[in-house]
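One structure is given here, and the rest of the page talks about it.
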Amino acid sequence: MTERIAIVGGGTGGSVLANRLADGLASELDAGDVEVTLVNESTDHVYKPVWLYVAFGQRDVSDGVRPLADLVDPRIDLVYDRVEGIDTDGKRLTLRDGSDLSYDHLVLATGATITPEEVPGLVEGAHNFYSADGAERLRDALADFTEGHLVLSVVGSPHMCPAAPVEFVMMADEWFRERGVRDQVDITYTYPIQRLHGKVPVHDWAEPRFAERDIDAVTFFNAEEVDPEAGVVHSMEGEELDYDLLVAIPPHRGDELVMDSGLGDGGWVEVDKHTLEAKHADDVYALGDASDVPAPKAGSAAHYQASVVAERIASRVRDRVPTATYDGKTVCFLEAGMDSATFLSFDYETEPVVRDESKFVHWAKLAYNESYWLTARGLL
């Protein structure tokens, strides 16, 4: 009997997983003993970290988009549709077009979605670089901004690419200096807890650099409402912060599909953090931003998780006991300006060590951005 593997979501995690399964189960796929189907709403694969560079005019939106079919092994069946429902008892997916897709093993890689509408005034009053359109609008706003108060406010947590808010203000500082207007621009960074980042070593690295560059920091600031006409952000703590240009890290939520399926609250699938197996259904896995693992919502985490899930599913297909586990490994570049960066890696047991920034690491990050498409193909 043919084993049917269904993957929902064609981002980093879903694409890497599909390609790893194609390699790991090559003989079974060729013999017709296994079928792998990847369901994605769009025909495109999007590499979201590019949006940060779009905001500063360093990249175009097209640099972060490729046809999904060009990245996925041809032995994988691609279905471009929206999954509207999951029947975990009957092991069946319902698609928007009304058809059903049965599975023996299901992997949810549905990612995260920004929901700025959850905060009154945030849609009208703030920019963000967490979407292609948002990054382009921010690029245009920054190009016209030569004086005033720029505020970067981390409104939602967890959020995609946890280092990005720190990167943005440090890049903005240098970008304004290069344009000769930094002395006319004030920069303020807000974070919802009493430090600059969730990871203490990142806070310890960023704090003196913010001070050196005259980047103001307001911690324990939880934005509750934005008044676009007055140019004011109101916090839950009763503080007010004036701005001329507001850039927000908006709230994030998981896919409604997950909430409707009973697999987890807030759209995050509740999984075992080591096996990535769903806690509330058999033969269901989740990876990347879709899961509730205590690891960053970052592409590198999804990449490592995809390898683990591929090995576990391959073991089950072959009636072996799965032994592959995820240890929380995450690798992250962190831009310290327009031409220098640092690098950190960590896992569930090990805190990151944040080294001094260098031009070499900055160029390494840019090189990785260019070679990312090899990662999506499962080649790196």
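When each of the peptides 13-23, 253-263 is scored by the mean number of other C-beta atoms lying within 10 Å of its residues, the order from highest to lowest reads 13-23, 253-263.
Taking amide H as placed 1.01 Å from N in the peptide plane, Val65 has its amide H under 5 Å from the amide H of Tyr47, each at least 5 places away in sequence or on another chain.
Rounded to the nearest 20 debye, the dipole size of the chain about its Cα centre is 1320 debye, using +1 on the Cβ of Lys and Arg and -1 on the Cβ of Asp and Glu. In a Gaussian network model over the chain where Cα atoms closer than 10 Å are linked, find which of Thr113, Thr188, Thr323 has the largest mean-square fluctuation. Its mean-square fluctuation being the largest, the pick is Thr323. For segment 1-109, GluC sites (Glu not before Pro) meeting the loop criterion (DSSP other than H, G, I, E, B) and having at most 15 other Cβ atoms within 10 Å: Glu41.
Ranked from largest, the principal axis spans of the Cα set of segment 70-167 equal 58, 33, 26 Å.
Residue by residue, segment 56-65 carries 3J(HN,Hα) couplings of 9, x, 8, 9, 9, 4, 4, 5, x, 10 Hz when phi is fed to the Karplus relation 6.51 cos²θ - 1.76 cosθ + 1.60 (θ = phi - 60°); x denotes Gly or Pro.
Would you please classify the overall shape of segment 209-343 from the alpha carbon gyration tensor, given that a ≥ b ≥ c denote the square roots of the eigenvalues, rounded means a/c under 1.5, and beyond that prolate means a/b larger than b/c while oblate covers the rest? List each step's numbers first, then the result.
On the way: a/c = 3.73, a/b = 1.82, b/c = 2.05.
Oblate shape, in that a/c is at least 1.5 and b/c is the bigger or equal ratio.
Of all the C-alpha pairs in segment 222-265, what % are more than 12 Å from each other?
Working: 629 of 946 pairs.
That tail contains 66 percent of the Cα-Cα pairs.
With the charge dipole of the chain set up from +1 on Lys and Arg Cβ and -1 on Asp and Glu Cβ about the Cα centre, the Cα lying farthest toward the positive end among the listed residues Gly264, Thr375, Asn40 is that of Thr375. DSSP finds beta bridges in the chain, and of those with both partners inside it, around 45 percent are antiparallel. Using only alpha carbons, segment 121-279 has a radius of gyration to Kirkwood radius ratio (Rg to Rh) of 1.01. All alpha carbon pair distances within segment 273-378 were sorted into 5 Å bins beginning at 0; the resulting P(r) in whole percents reads 2, 12, 18, 19, 18, 13, 8, 5, 3, 1, 0. Phi angles of segment 175-188 translate, via the Karplus equation with coefficients 6.51, -1.76, 1.60 and θ = phi - 60°, into HN-Hα couplings of 4, 5, 5, 4, 8, x, 10, 4, 6, 9, 10, 8, 10, 10 Hz per residue; Gly and Pro are given as x. Quick one: how many lysine pairs does the chain have with C-alpha atoms less than 19 Å apart and a gap of 8 or more or different chains? Give me the count, please. Total qualifying Lys-Lys pairs in the chain comes to 11.
When peptides 166-179, 90-103 are ranked by their average number of other Cβ atoms within 10 Å per residue, the highest-first order is 166-179, 90-103.
Over its Cα atoms, what ratio of radius of gyration to 2.2 N^0.38 Å does segment 32-104 give?
Working: Rg = 16.2 Å, N = 73, 2.2 N^0.38 = 11.2 Å.
The reported ratio for this selection is 1.44.
Return the FRET efficiency for the residue pair Ala69, Ser102: r is the Cβ-Cβ distance, R0 is 30 Å, and the value is rounded to the nearest 0.05.
Calculated transfer efficiency: 0.80.
One way to sum up the overall shape of the chain is the equivalent ellipsoid from its Cα gyration tensor, whose semi-axes run 38, 21, 19 Å, largest first.
Read-outs: derived from the displayed coordinates by stated rules, not from any lab. Nothing here was measured: the structure is a model prediction, and the numbers come from that model. Here Cβ is always computed from backbone atoms with ideal geometry, including for glycine, and neighbour counts include all displayed protein chains.
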